[in-house]
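Have a look at the structure below before the remarks.
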């Protein structure tokens, strides 16, 4: 189940934004800039494959589960699709009634629920690591998301992200988004390009290299302009900037184009996590993952087992009166309460 746009090219980042079921084994390989944080053996996919033991890999972009018996049975869950992470009691085939990790997600308009159970007794790593990494992902959105009118400038200077370095500050840059243009300043760093208006610091745009589809110099009604085309996922914006004189425009273009290429070869996603933050030794449990060249044909039905409340998307349920809300609502599945639904939202 995929939503990555073909318009953004084959190297577009999907790992942190999407949920994919039973993917080809090559899609489980870590992409550039993605790194493994933890690797647990003996984890059951209690929701969709109860009784099936597998391995769970936590990276800086997603959580991956792979069946030990059939590696074509797998999950890739991006942190950007996660809505909530909780621990609750679940009935499992391999451990009976025990504490399990519940991950509620939303992707492509559907809600999916994943339940993972660690078959190693008294080990909290399944809970603590995923929760901590997801928080680190959520706190580092400026590395990955195009931002308009954010609180990113203070006293005419850019508020730097961790490990961000300013390579160049260019004055006298016109933003061509309006009829008359707005005079401002460029900050060119190792992870993004930021422009802000000189007269209003909150009139700004932060463009991470990861969201740049292309950068070029084109003719405009204002003359030669630097044009940044963002990815379809970030809105497909075409942003124009004028830099005078022409020699300076060429220098700025060359610098941004070069940094974009360097970043694409070794992207920085901004998710920082210290191994010391969790108990246990990673080396004691890490087992190299095997790869093969078997092509798996997905029948498109695997995701149905993970719908948050069962049934099919759009399936209508009985309408009942809810005294807590004083409203008529669709009848909730057995064991689900209004309070739990508010926690999901």
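Listed values, structure above:
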| item | result |
| --- | --- |
| Distance between modelled label sites at residue 167 and residue 321, nm, 7 Å Cα→Cβ extension | 6.6 nm |
| Mean separation of Cα contacts under 8 Å (6+ apart) over length of region 169-244, as relative contact order % | 26 percent |
| Highest average packing first - 241-254, 147-160, 47-60, Cβ atoms within 10 Å | 47-60, 241-254, 147-160 |
| Region 112-183: projected area of the alpha-carbon convex hull, averaged over directions, in nm² | 9.1 nm² |
| Directionally averaged projected area (convex hull, Cα atoms, region 54-193), nm² | 12.7 nm² |
| Share of alpha-carbon pairs per 5 Å distance bin for region 146-265, given as whole % | 2, 12, 23, 26, 23, 11, 2, 0 |
| Chain lengthening between residue 155 and residue 261 when straightened (0.36 nm per residue, less Cα-Cα) | 35.1 nm |
| Overall form of region 1-120 per C-alpha gyration tensor (a/c, 1.5; a/b vs b/c) | prolate |
| Fewest-first ranking of 18, 34, 44, using other Cβ atoms within 10 Å as the exposure measure | 34, 18, 44 |
| For region 158-197 versus region 52-108, the gap between their alpha-carbon centres in whole angstrom | 41 Å |
| Where N is the number of residues in region 170-226, Cα Rg divided by 2.2 N^0.38 Å | 1.14 |
| Most to least packed among 164-174, 79-89, 213-223 [average Cβ atoms within 10 Å] | 79-89, 164-174, 213-223 |
| Cβ-based exposure ranking for 113, 330, in which fewest neighbours within 10 Å come first | 330, 113 |
| Region 117-259, relative contact order in percent, only Cα pairs under 8 angstrom and at least six apart counted | 19 percent |
| Distance in nm between pseudo-label sites at residue 251 and residue 337 (7 Å out along the Cβ direction from Cα) | 6.5 nm |
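Read the figures in this text as sums done on the coordinates, not as results from a lab. The structure displayed is predicted, hence computed values, not measured ones. All Cβ positions, glycine included, derive from the backbone under ideal geometry; neighbour counts span all protein chains shown.
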